[in-house]
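Heads up, the thing below is written out as structure tokens.
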């Protein structure tokens, strides 16, 4: 299919203000193509988490009682968007349509979030949640729930049937057993089965090959159709569901695109993904730089974690976030000294060029990094935002590693396909020639010097 330029479309014949049959076909094809691109951009938050569920179910098993724990840290064998290899992750997926009201028993000192399947926060759990780190029972109600609500729970109504469970636990002294044991105190079960709950299953996800990123081909729309058929119909989605319906995606309807629509949708996935990449990896999003003289950006440059502005939904910021990431909570946008975490994000070097796996770079990190807990730099594959598969155990490096520091306490990290001459091996992460990459600089429990910008990291500097 050849899609015409704007000028070509403007010049299509409309004799006596009626379209010719050829003009009608071309304009309708163009309209379907544009709708498909916009549907893709709109649905990225849902497809990001739904793809995680699908990939997890296939490898680890399905059910709300399955909580996958990366017990030996998360490695690049598992394809997942911008994961953190320096903490212990646990990921689970609840289906309120299948199970009805569901209880999540959270152990003391656990940190995590519960999001719906549009990645809108339901609640934080742990120290910044209603249990305040003491642990407790959370009750999740379906969006269409009608009935009595029992007492004794922290009760929330999800706006989707799907609920994403995301726990994190810190590693102390290299020992992963304690955080894993903490996470494995979690219990998830239907309220109706409270007297005899199903046994929890805690598969070890570390080192397991699993594809948990959304597809970049026609399967994207196939997955979207499956999601739409299962999920609750929310009123705010009504207009976009009309656009999907014109593409053959509607609740209660089998998705069976014909040859022409398949051609249009295949082209739209390709272009739509490139649109999302252009939003994320260009200067299109305004005001995202942390520092005027640096290439570090704020990946989540919003005040409202549902991307609401005064009178509209910030669809561009939403695309920028979920094109490369998943999970969100109010704590992520708060400026809390000594609590939470921040994630400066870079995809260009000092000269403004995209970071390339074929080049070598030095990153100078000044002394006294403002992170009371720890800091790390993680490399991600620009193709799908998963951890860069570079042949090393983990695609991250930071204060938890045995680094070689400079005399005054600063540190130089190196990134490239080969260890640069004179660089200590302890301070090097391998990149992959021909693969673009980007990074998140994670600061856990950021301190005042980060917020007042009296401390800031250097840019990536290309070296020979």
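The values are calculated or read from the model by the stated rules, or taken from the named source; none is laboratory data. Every value quoted in this text rests on a predicted model; they were computed, and no experiment measured them. In this analysis, Cβ positions are derived from the backbone assuming ideal geometry, glycine residues included, and neighbour counts consider all displayed protein chains.
Tell me, please, whether a residue that is assigned to a strand (DSSP E or B) and either modelled with pLDDT of 95 or more or surrounded by fewer than 24 Cβ atoms within 10 Å (Cβ to Cβ) (or both) can be found in the range 46-66.
yes
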Problem set entry | Hey, residue 105 touching a residue at least 12 places away in the same chain (Cβ under 8 Å), in contact with a strand residue (DSSP E or B) (Cβ under 8 Å, 6 or more places away or on another chain), surrounded by fewer than 21 Cβ atoms within 10 Å (Cβ to Cβ) and closer than 22 Å to residue 207 by Cα or not | no
Exercise. Considering 227, 255, which residue is in contact with a helix residue (DSSP H, G or I) (Cβ under 9 Å, 6 or more places away or on another chain), modelled with pLDDT of 95 or more and assigned to a loop (DSSP other than H, G, I, E, B)?
Worked result: 255
Exercise. Taking the range 202-220 on its own, how many of its residues are in a strand (DSSP E or B) and touching a helix residue (DSSP H, G or I) at 6+ places or on another chain (Cβ under 8 Å)?
Worked result: 2
For this session: Would you tally the residues in the range 175-190 being farther than 15 Å from residue 106 by Cα and either in contact (Cβ under 8 Å) with a residue 12 or more places away in the chain or not assigned by TED's automatic domain parsing to the domain that holds residue 102 (or both)?
Result: 1
Seminar exercise, completed: Of the residues in the range 388-438, those that are in a strand (DSSP E or B) and under 20 Å from residue 70 (Cβ atoms) number 4
For this session: State whether the residues of the range 92-104 include one that is out of contact with any helix residue (DSSP H, G or I) (no Cβ under 6 Å at 6 or more places or on another chain), part of a helix (DSSP H, G or I) and closer than 28 Å to residue 273 by Cα.
Result: no
For this session: Determine if the range 14-35 includes at least one residue that is under 14 Å from residue 276 (Cα atoms), in contact with a helix residue (DSSP H, G or I) (Cβ under 7 Å, 6 or more places away or on another chain) and in contact (Cβ under 8 Å) with a residue 40 or more places away in the chain.
Result: no
For this session: Kindly indicate whether residue 194 is touching a residue at least 40 places away in the same chain (Cβ under 8 Å), out of contact with any helix residue (DSSP H, G or I) (no Cβ under 9 Å at 6 or more places or on another chain), surrounded by fewer than 18 Cβ atoms within 10 Å (Cβ to Cβ) and more than 24 Å from residue 318 (Cβ to Cβ).
Result: yes
Exercise. In the list 115, 124, which residue meets the criterion of being touching a helix residue (DSSP H, G or I) at 6+ places or on another chain (Cβ under 8 Å) and at pLDDT 95 or above?
Worked result: 115
For this session: Would you tally the residues in the range 313-339 being surrounded by 20 or more Cβ atoms within 10 Å (Cβ to Cβ) and part of a loop (DSSP other than H, G, I, E, B)?
Result: 7
Exercise. Being within 13 Å of residue 203 (Cα to Cα), in contact (Cβ under 8 Å) with a residue 40 or more places away in the chain, over 20 Å from the mean Cα position of the chain (by Cα) and assigned by TED's automatic domain parsing to the domain that holds residue 230, is that true of even one residue in the range 72-95?
Worked result: yes
Problem set entry | Lone qualifier among 147, 152 - being under 23 Å from residue 199 (Cα atoms), in a loop (DSSP other than H, G, I, E, B) and assigned by TED's automatic domain parsing to the domain that holds residue 96 | 152
For this session: Mind listing whichever residues of the range 120-144 are closer than 26 Å to residue 228 by Cβ and either assigned by TED's automatic domain parsing to the domain that holds residue 323 or touching a strand residue (DSSP E or B) at 6+ places or on another chain (Cβ under 7 Å) (or both)?
Result: 121, 122, 123, 140, 141, 143
